[in-house]
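Enquirer: Would you mind keeping the following structure in view while I ask a few things?
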Amino acid sequence: SDEQLIKLVESDIPLVCTDLNDYNTLTVVSDDFKGGQLATNYLLNQGHKSIMHIAGPLTVAAGLNRFLGYESIMLENGVKDFKLRVADNFTFEDGYANVLELIQRKRVPTGLFFSSDWMAIGAIKALSEHGYRVPEDISVIGYDNIDFFKYYNPGLTTIAQNAPLIGEKAATLLKNVIDGKEVESIVLDVKLIERESCRKIEN
């Protein structure tokens, strides 16, 4: 919906997008589908049976692919009535508002997977304000591995994207485009960073 971006994509200016593959352009992105799978598998392996994904907008490829990764693992494990909420964006306020509504409706699951770290931190604030403890009562996992949140209490378990490598690959890709070389989009690996915001549920 960004008119300036669409005009740029349609122009003859050499262009590489990072973390955005919605415009059929050359991109350097993380493997968001795999990231969604890693987060969901982690919560399942921690013994959680009630796992909700609070997604970013599904009109954005990153939000959609993280959800699809979550969905694939839930279906693979026989969970057909998986729980999903779709936020307007990936912000602190989105995480806070969505979890506040769950609290008010008394429908908070034991495991929450968010499409961004900022959403997860917003959620933890809402939970804390209403007497829920993370991870004792609710396990929370984010996405992005924003460095600051490893110092948060509790340290945030998350899916890590390699932001410096995304930048390096994008710059190299753009130079190759300018030099007239053959190029193709790049998908980079992700990994799970385990900290203190999730706990194992004992049978």
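The values are calculated or read from the model by the stated rules, or taken from the named source; none is laboratory data. Please read these numbers as outputs of a predicted model, since none were measured by experiment. Don't worry about glycine lacking a Cβ; one is built from the backbone with ideal geometry, like all the others, and counts go over all protein chains shown. Surface accessibility is based on the protein's heavy atoms, side chains included, excluding ligands, DNA and RNA. Shrake-Rupley method; radii C 1.70, N 1.55, O 1.52, S 1.80 Å.
Enquirer: In region 1-134, carbon and sulfur make up what percent of the accessible area (probe 1.4 Å)?
Expert: Carbon and sulfur: 49 percent of the exposed surface of region 1-134.
Enquirer: So if a site counts as exposed when it's one of the GluC sites (Glu not before Pro), its DSSP state isn't H, G, I, E or B, and it has at most 16 other Cβ atoms within 10 Å, what's the longest stretch of the chain without one? Each step should come with its number before you reach the end.
Expert: On the way: sites that count: GLU136, GLU182, GLU184, GLU194, GLU196, GLU202.
For GluC sites (Glu not before Pro) (loop position, at most 16 other Cβ atoms within 10 Å), the longest site-free span of the chain is 1-135.
Enquirer: Here's something else I'd like to know. Among (i) 57, 43, 30; (ii) 45, 43, 34; (iii) 59, 36, 30, which is the computed Cα extents along the principal axes in Å?
Expert: (iii)
Enquirer: Right, another one. Let me have the 222 nm mean residue ellipticity of the chain computed from DSSP H runs of 4+ only, each contributing -39500 (n - 2.57), with the sum over all residues rounded to the nearest 500. Display every interim value, and only then the final one.
Expert: Working: 6 runs with 80 residues, N = 203.
So the calculated ellipticity at 222 nm is -12500 deg cm²/dmol.
Enquirer: What is the angle, in °, between the Cα long axis of helix 117-129 and the longest principal axis of the Cα atoms in the chain? Nearest 10 is fine, range 0 to 90.
Expert: Rounded to the nearest ten degrees, it is 20.
Enquirer: Over the chain, give the accessible area per residue in Å² for a 1.4 Å probe, as an integer.
Expert: 53
Enquirer: Any idea what the relative contact order of region 1-152 is, in percent, if you count C-alpha pairs under 8 Å spaced at least 6 apart?
Expert: In percent, rounded to a whole number, it is 19.
Enquirer: Looking at the chain as a GNM with Cα springs under 10 Å, which of GLY142, GLY180, GLY122 has the largest mean-square fluctuation?
Expert: Of the options given, GLY180 has the highest mean-square fluctuation.
Enquirer: Select from region 103-186 those chymotrypsin sites (Phe, Trp or Tyr not before Pro) which occupy a DSSP coil region and have at most 15 other Cβ atoms within 10 Å, ordered by residue number. Before the final figure, lay out each step's value.
Expert: Working: sites: PHE113, PHE114, TRP118, TYR132, TYR143, PHE148, PHE149, TYR151, TYR152; in loops: TYR132, TYR151, TYR152.
Answer in residue order: TYR151.
Enquirer: For the chain, find the longest principal axis of its Cα atoms and tell me its angle to the long axis of helix 92-104, 0 to 90°, nearest 10.
Expert: 30
Enquirer: Pick from ARG85, ARG107, ARG133 the residue whose mean-square fluctuation is largest in a GNM of the chain, springs joining Cα atoms under 10 Å.
Expert: Sorting by GNM fluctuation, first place goes to ARG107.
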